[in-house]
1. Out of the residues in the stretch 143-153 meeting the condition of being touching a Lys or Arg at 6+ places or on another chain (Cβ under 7 Å) and open to solvent by less than 10 Å² (accessible area, probe 1.4 Å), tell me which one is nearest to residue 120 (Cα to Cα).
2. Can you find a residue that is open to solvent by 30 Å² or more (accessible area, probe 1.4 Å) and in contact with a Gly (Cβ under 7 Å, 6 or more places away or on another chain) anywhere in the stretch 157-165?
3. Out of 180, 207, 189, I need the residue that is over 23 Å from residue 37 (Cα atoms), in contact with a strand residue (DSSP E or B) (Cβ under 7 Å, 6 or more places away or on another chain), of a type outside the set (Asp, Glu) and crowded, with 18+ Cβ neighbours inside 10 Å. Which one?
4. Taking only pairs six or more apart or across chains, which ones have beta-carbon atoms under 8 Å, a first residue in the stretch 128-151 that is touching a residue at least 40 places away in the same chain (Cβ under 8 Å), and a second residue that is surrounded by fewer than 16 Cβ atoms within 10 Å (Cβ to Cβ) and of a type in the set (Gly, Ala, Ser)?
5. Considering only residues that are outside any strand (DSSP E or B) and in contact (Cβ under 8 Å) with a residue 60 or more places away in the chain, look in the stretch 201-219 and name the one that is farthest from residue 187 (Cα to Cα).
Amino acid sequence: MKEKKIKLCLAIIGIFSCFLLYQVIVAARSVGNYQEKIWLHRCNSLEKLYEKEHLYPNIEVDVVFREKENELDVTHDLDTTFHLEIEEYFRHFKEKKGCIWLDIKNLSASNKDSILLKLTGLCDKYQINKERLIIESTSWKDLKLFTDNGFYTSMYVAYDKPSRLSESEEVSCIKELQHIVDSRSVRAISFPYWWYPSIKKKLGRSIDLLTWKHRTTQFIFLLSHEGKKMLDDKQLKVILVKDKGKHHR
């Protein structure tokens, strides 16, 4: 009897192991198959762009507007510069088919006109259709100017994690998002993946959703049940994933 139980347990373990191995193989073979939806997070150097473009034709870039120089500086932090202008990306994408998600770190009422003029000029110069750009900021009221001028815009949801909020606080956040969506100031909302379940369940609005799992590689994302669910969601248009490579900054 004991021997039969051992054999049964071994059989179950074997079947489970085969199932896991199959899932791993499927995920590994799927890397690079969802290029329209899975984009590269924080592609803040040309070296990283060149290194990863075969897997990620679509990228996310952080920029800071430097008013004195009238430049969109490619950097994640206001107090840091690598002296790389976003124009270099436009020059590259003139000959490519990819899209650029621009996370503008300091969009404001005082600089929005200058940024709009700068981006419009770059689009014209390098023949980049405005629809190939995602213009993102936490400042949704200022994004309206870009929306009205034909750009695809997204409001960055900067709330704390739902798990750290009370029920009433989460309700308040959702109501504010509904107000933003109803204002038609932006064409999408973008948020860290931990907000996905709540927004998907409670927002109740027809608007594009963008998200990121910036600590998760594409392989791990594809291996997860959550990842498969997000890939199947037609309302969710873009998912950023981590792939640091050799030139991350």
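The values are calculated or read from the model by the stated rules, or taken from the named source; none is laboratory data. Here the structure is a predicted model, which is why all the values come from computation and not from measurement. Cβ: placed from backbone, ideal geometry, glycine included. Neighbour counts: every protein chain shown. These accessible areas exclude ligands, DNA and RNA; they are computed on the full protein's heavy atoms, side chains included. Shrake-Rupley method; radii C 1.70, N 1.55, O 1.52, S 1.80 Å.
1. Our first condition is that a residue be touching a Lys or Arg at 6+ places or on another chain (Cβ under 7 Å); within the stretch 143-153, this holds for 145, 147, 150-153.
The next check asks that each one be open to solvent by less than 10 Å² (accessible area, probe 1.4 Å); those that pass are 151, 153.
Values: 151: 9, 153: 14 Å.
Checked the stretch 143-153; the qualifying residue nearest to residue 120 (Cα to Cα) is 151.
2. Pass one, the stretch 157-165, residues open to solvent by 30 Å² or more (accessible area, probe 1.4 Å): 158-161, 163-165.
Those left that are additionally in contact with a Gly (Cβ under 7 Å, 6 or more places away or on another chain): none.
No, every residue in the stretch 157-165 fails to be open to solvent by 30 Å² or more (accessible area, probe 1.4 Å) and in contact with a Gly (Cβ under 7 Å, 6 or more places away or on another chain).
3. Details: 207 fails: over 23 Å from residue 37 (Cα atoms); 189 fails: over 23 Å from residue 37 (Cα atoms).
On inspection, the qualifying residue turns out to be 180.
4. Final answer for the pair search is 140/183; 141/109; 144/183.
5. In the first step, residues of the stretch 201-219 are kept if they are outside any strand (DSSP E or B); the result is 201-207, 218-219.
Next, only the ones that are in contact (Cβ under 8 Å) with a residue 60 or more places away in the chain stay: 218-219.
On the way: 218: 26, 219: 29 Å.
So, considering only residues that are outside any strand (DSSP E or B) and in contact (Cβ under 8 Å) with a residue 60 or more places away in the chain, the one farthest from residue 187 (Cα to Cα) is 219.
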